[in-house]
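Here's the structure we're looking at; comments come further down.
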Amino acid sequence: MFVEDRDRPPAETERQARGNAPARLLQAASSVMIERGSTELTLKDVAARSGLNGALVKYHFGSKTGLLTALLKRDALAAVRQLNTLLRQNATPTEKLKLHIAGIVNAYYRSPYLNRLIHDLLYQSSAEVAQQVSDFFVTPVVEFHRKLLAEGQRCGEFRAVDPMLFYFTLFGAIDHMFHARHTLLYGFQVPQVSDQMRRDLIRIVTDMALGAVLAERRG
């Protein structure tokens, strides 16, 4: 780290850089959007941040949309793996639901571009891209909700709840605070979601969700 590798042949260093290019480009796009709090970026921005030629975006991803779709897929696959792990945990459905809600809020807080990128790709891109996003992000979450709600009902913790309505209610409650940044700024004079707001949002959404699904209200 921070030391030039003088012993490695230049050709090998160049080959390694080309091999790492996709990951470097994805990380560059991620860091630019986090820094700006926006999904607006150009290939020039990505090239400057990554130290690579912007033409490599088209070579590896086809277009800027391809790059952003790959970035969302990278982040979504990590989240889906966590969902599968959570479902197998030796915990009650109620505890799993609490962890799930905290996980969504924390993911949006860590990567402020995430929810806006989902909206952009689902509603402002081609039908093909929207289908891809649904396949690797929406569908796995919907399936997780179906299984978790069914598990909770089987063991008597949850009442019968429509998974579709649950999905839209839960993500609507969480997503809007991060997506409606102009409402946050101009309606409440709050420039961005703070860490305290993150904790408060987890608490209030958890309370709302439990009130909606628990077979009987708990203290």
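What distance in nm separates the simple spin-label points at residue 23 and residue 88, each placed 7 Å from Cα in the Cβ direction?
Each label point lies 7 Å from its Cα, and together they span 2.4 nm.
Normalised by the residues of the chain, what does the relative contact order come to in percent, with Cα pairs under 8 Å and at least six apart?
Here the relative contact order equals 19 percent.
Can you compute the charge dipole magnitude of the chain about its Cα centre, using +1 on each Lys and Arg Cβ and -1 on each Asp and Glu Cβ, nothing else charged? Give it in debye, rounded to the nearest 20.
In total the dipole reaches around 160 debye.
With angles folded into 0 to 90 degrees, how steeply does helix 64-88 sit against the dominant principal axis of the chain? Use alpha carbons for both and round to 10.
40 degrees
Kirkwood hydrodynamic radius of the stretch 68-213 from all distinct Cα pairs, in Å?
16.1 Å
So if a site counts as exposed when it's one of the trypsin sites (Lys or Arg not before Pro), its DSSP state isn't H, G, I, E or B, and it has at most 11 other Cβ atoms within 10 Å, what's the longest stretch of the chain without one?
7-216
Scanning the chain for GluC sites (Glu not before Pro) in DSSP loops with at most 15 other Cβ atoms within 10 Å, what's the longest stretch left with none?
41-215
Ignoring everything except DSSP H segments at least 4 long, calculate the 222 nm mean residue ellipticity for the chain; use -39,500 (n - 2.57) per segment, divide by total residues, nearest 500.
-23500 deg cm²/dmol
Using the alpha-carbon atoms, what tilt in degrees (0 to 90, nearest 10) does helix 93-110 show relative to the longest principal axis of the chain?
Compared with the principal axis, the helix lies near 30 degrees.
Can you tell me the orientation of helix 139-154 relative to the chain, as the angle in degrees between its alpha-carbon axis and the longest Cα principal axis, to the nearest 10?
30 degrees
Estimate the FRET efficiency between residue 31 and residue 160 by the formula 1/(1 + (r/R0)^6), using the beta-carbon distance for r and 30 Å for R0, to the nearest 0.05.
0.10
Please identify, among 32, 190, 138, the residue showing maximal mean-square fluctuation in a Gaussian network model of the chain using a 10 angstrom Cα cutoff.
Looking only at 32, 190, 138, the biggest GNM fluctuation is shown by 190.
Determine by what factor the alpha-carbon radius of gyration of the stretch 131-216 differs from 2.2 N^0.38 Å, reporting the quotient.
Computed over Cα atoms of the stretch 131-216, the ratio equals 1.29.
Every read-out reported here was derived from the displayed coordinates using simple, explicitly stated rules and does not represent laboratory data. This is a predicted model, so every value here is computed, not measured. Heads up, the Cβs are rebuilt from the backbone with ideal geometry, glycines too, and the neighbour counts pull from every protein chain shown.
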